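Visitor: Take this structure, written in structure tokens, and hold onto it; I'll ask about it next.
What follows draws every value from the coordinates through simple rules; no lab data is involved. The structure presented is a predicted model; accordingly, all values stated were derived computationally and were not measured. Heads up, the Cβs are rebuilt from the backbone with ideal geometry, glycines too, and the neighbour counts pull from every protein chain shown.
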Amino acid sequence: MPLRVAVIGVGYLGKHHARILSAMPGVELVAVVDSHMGRATAIASEYGARPMLDVRELEGKVDAVTIAVPTELHHQIALPWLLAGVPVLVEKPMARTLAEADDMIAAAAGAGAVFAVGHTERFNPAVAVAREHLTDPRFIEVHRLGVFPERSLDIDVVFDVMIHDLDVILSLVKSDVDSIDAVGVPVLTKRADIANVRVKFKNGCLANLTASRISRDRVRKIRFFQPEAYLSIDYAAQKVEKFTLSRLLGVPRIEGGNMPVVNEEPLARELADFVDAIAARRKPLVGGEDGRRALSLAQAITDKIGATT
């Protein structure tokens, strides 16, 4: 029997959930739910699903749900499904607060439900390739610049876009955070629209992150420096460059270049991992605890920005 899945929230990102799930082998997209019936109807008709206004209409009709509604609604919508033991994938950030995140994690654990969080960059093929070559990052430089969005204005730039890189970094640096320095400026909203952050880890690694949602150009790059090696990832282009120090014949020289990457859509890989985790009864690659760690660091950064403004 196919896995019956519904997408709750089919706006900017949720419509892509519906597109991918509708074409995924072993999955039946049974419904899409949205507060705007016209939008739900349009997406449902395009992908052969049933449009709904009320999530309660899904009871007994689905085996799993993905949630792509505004952050302020994540806890409210996800918790009943998790308590009922229904697998849930919720978009990032997983919740508004750590208390809400803890509720969701506890509910999933208590009911034995698969619980995934949509940190899509973790599924970027370029990140997967680079991960195999990162042994001891000592300095990390991130630039994530985007144009002004028509969504996610209920959260600041840290929770909106920087949190992607925070999750990637936390998955690679095997150390606790030691200190945070952060500045942020509200430009087009009442929340920080551009921010610069320095995160120092207890093992000495330092991460410098710049995020903006008011830039003219789109840039999504992360660079890693470790002993005798440098790696650069272009998330958007799915490219990885690696350079290392060689001492052939006793003469130091820099060698390297582009590494082979098989391009794939990160969201498709994320949803495939969620579906496979359900079938295999395993933890997803990015689970509730991972989402909480990224949320906790994002909150600490936002608190630091608030204390300096």
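Visitor: Classify segment 3-119 as rounded, prolate or oblate, taking a ≥ b ≥ c as the square roots of the eigenvalues of its Cα gyration tensor: rounded when a/c is under 1.5, otherwise prolate if a/b is larger than b/c and oblate if not.
Guide: prolate
Visitor: Order of 225-231, 268-274, 57-63 by packing, highest average Cβ count within 10 Å first?
Guide: 268-274, 225-231, 57-63
Visitor: Of 15/239; 15/190; 15/92, which ones are farther than 21 Å apart at the Cα? Before the final figure, lay out the partial values.
Guide: Working: 15/239 26 Å; 15/190 28 Å; 15/92 16 Å.
Violating the 21 Å limit, Cα to Cα: 15/239; 15/190.
Visitor: Using Cα pairs closer than 8 Å and at least 6 residues apart in sequence, work out the relative contact order for segment 3-119, in percent.
Guide: Across segment 3-119, relative contact order equals 23 percent.
Visitor: Additional query: Over what distance in Å are the Cα centres of segment 230-309 and segment 104-163 separated?
Guide: Each part reduced to its Cα centre gives a spacing of 8 Å.
Visitor: For the chain, set up a Gaussian network in which alpha carbons nearer than 10 Å are linked by springs, and say which option among 26, 48, 14 fluctuates the most.
Guide: Taking springs between Cα atoms under 10 Å, the residue moving most is 26.
Visitor: Quick one: if you stick a label point 7 Å off each Cα along the C-beta vector at residue 248 and residue 45, how many nm between them?
Guide: Using points 7 Å along Cα→Cβ, the separation is 6.3 nm.
Visitor: Among DSSP bridges having both ends in the chain, what percentage is antiparallel? Round to the nearest 5.
Guide: Antiparallel bridges make up about 60 percent of those DSSP assigns within the chain.
Visitor: Also, quick follow-up: Straight-line reach from residue 242: which lysines have Cα under 25 Å away, leaving out those fewer than 8 places along the same chain?
Guide: Of all the lysines, those that pass the test against residue 242 - Cα under 25 Å, at least 8 places apart if same chain - are 174, 200, 221.
Visitor: State to the nearest 20 debye the size of the charge dipole of the chain about its Cα centre, where the only charges are +1 on K and R beta carbons and -1 on D and E beta carbons.
Guide: With only Lys, Arg, Asp and Glu charged at Cβ, the dipole is about 580 debye.
Visitor: Anyone know which of 246, 175, 35 comes out most mobile in the 10 Å Cα GNM of the chain?
Guide: 246
Visitor: Run the numbers on the chain and let me know its relative contact order in percent, using alpha-carbon pairs under 8 Å that are six or more apart. Don't skip to the end; give the middle numbers.
Guide: On the way: 661 pairs, mean separation 54.7, N = 309.
Reported relative contact order: 18 percent.
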